[in-house]
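To start, the structure itself, in structure tokens.
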Amino acid sequence: MNIFSTLGLNPKKTAVNDLYDVIVANARRPEFYTVLGVPDTVNGRYDVIILHTYFVMKRLKAIGAEASTISQDLFDCMFADMDKNLREMGVGDLSVGKKIKAMATAFYGRIKAYDEGLESGQEKLADALRRNLFAEAEPTDRQVSAMANLLSDQVQASSTWSLGHIEKGAIGFITPPNND
């Protein structure tokens, strides 16, 4: 019997938790909020986590069916974390399910908007970012453009991630600009 079984843990879930920790650590980079103008609010931070999760899940989708379990596990891990955070913030048990459902709907909406923006060009991508990532802010055109470029560049860079690298959380995100 291995240690994971003894503790009632699934090793794959542990690996996905590590992957999610990498996503959250990168989403917490202060440059997103200080330089790029994402609002430093619960919603702003959630949107940056969504964006980083989007990069990983988009790559997993491109890898194919063999990566679908990891993608689902990552989704489950993210929303279990969101559930836990809502409860820690004092959201009542009866409201948590409704809020999680709204967050999942927002997640899928953003995936669709970012995919369409990437397919349609920088202007459409910038519009998607203004509606979603910057919904609570009034970013400059330069900030939106920088974020659109970062999103496009990260999707391109993530094309080199192998399934093995993703499973290990051994992936690299582009460093956001640290000056105006």
Using Cα pairs closer than 8 Å and at least 6 residues apart in sequence, work out the relative contact order for the chain, in percent.
34
With all protein chains present and a 1.4 Å probe, the order of 134, 173 from largest accessible area down is 173, 134
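For 114, 46, what's the largest-to-smallest order of accessible area, 1.4 Å probe? Please report the intermediate quantities before stating the final value.
Details: 114 0, 46 20 Å².
From most exposed to least exposed: 46, 114.
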How large is the accessible surface of residue 136 in square angstrom, using a 1.4 angstrom probe and rounding to the nearest 10?
100
Per residue of the range 60-70, what does 6.51 cos²θ - 1.76 cosθ + 1.60 with θ = phi - 60° give for ³J(HN,Hα)? Whole Hz please, x for Gly and Pro, Karplus curve as stated.
4, 4, 5, 5, x, 4, 5, 9, 5, 5, 5
Starting from the Cα of residue 101, step 7 Å along the direction of its Cβ; do the same at residue 88; then give the gap between the two resulting points in nm.
2.6
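At 0.36 nm per residue, and after removing the present C-alpha to C-alpha distance, how many nm does the segment from residue 179 to residue 141 gain when stretched out fully?
On the way: separation 38, 0.36 × 38 = 13.68 nm, distance 1.50 nm.
Computed gain between residue 179 and residue 141 is 12.2 nm.
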Would you indicate which of [x] 0.94; [y] 2.14; [z] 1.05 is the value of Cα Rg over 2.2 N^0.38 Å derived from the coordinates of this structure?
[z]
Only Lys, Arg, Asp and Glu count, each charged at its Cβ (+1, +1, -1, -1), so figure out the dipole size of the range 19-93 about its Cα centre, rounded to 20 debye.
260
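Could you give the size of the charge dipole of the range 30-171 about its Cα centre, using +1 on the Cβ of each K and R and -1 on the Cβ of each D and E, expressed in debye and rounded to the nearest 20? Walk me through the numbers before you get to the answer.
On the way: 16 positive and 20 negative charges, 45 e Å.
With Lys and Arg at +1 and Asp and Glu at -1, about 220 debye.
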Nearest 10, in degrees from 0 to 90: the angle of helix 93-120 to the longest Cα principal axis of the chain is 50
For the range 34-47, just list the computed ³J(HN,Hα) in residue order, Karplus coefficients 6.51, -1.76 and 1.60, θ = phi - 60°, integers in Hz, with x standing in for Gly and Pro.
8, 9, 8, x, 5, x, 7, 10, 4, 5, x, 5, 4, 5
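The values are calculated or read from the model by the stated rules, or taken from the named source; none is laboratory data. The model shown is predicted, which means the values in this text are computed figures rather than measured ones. So basically every Cβ, Gly included, is an ideal-geometry build from the backbone, and we count neighbours across all protein chains shown. Keep in mind that these areas ignore ligands, DNA and RNA; they rest on the heavy atoms of the full protein, side chains included. Shrake-Rupley method; radii C 1.70, N 1.55, O 1.52, S 1.80 Å.
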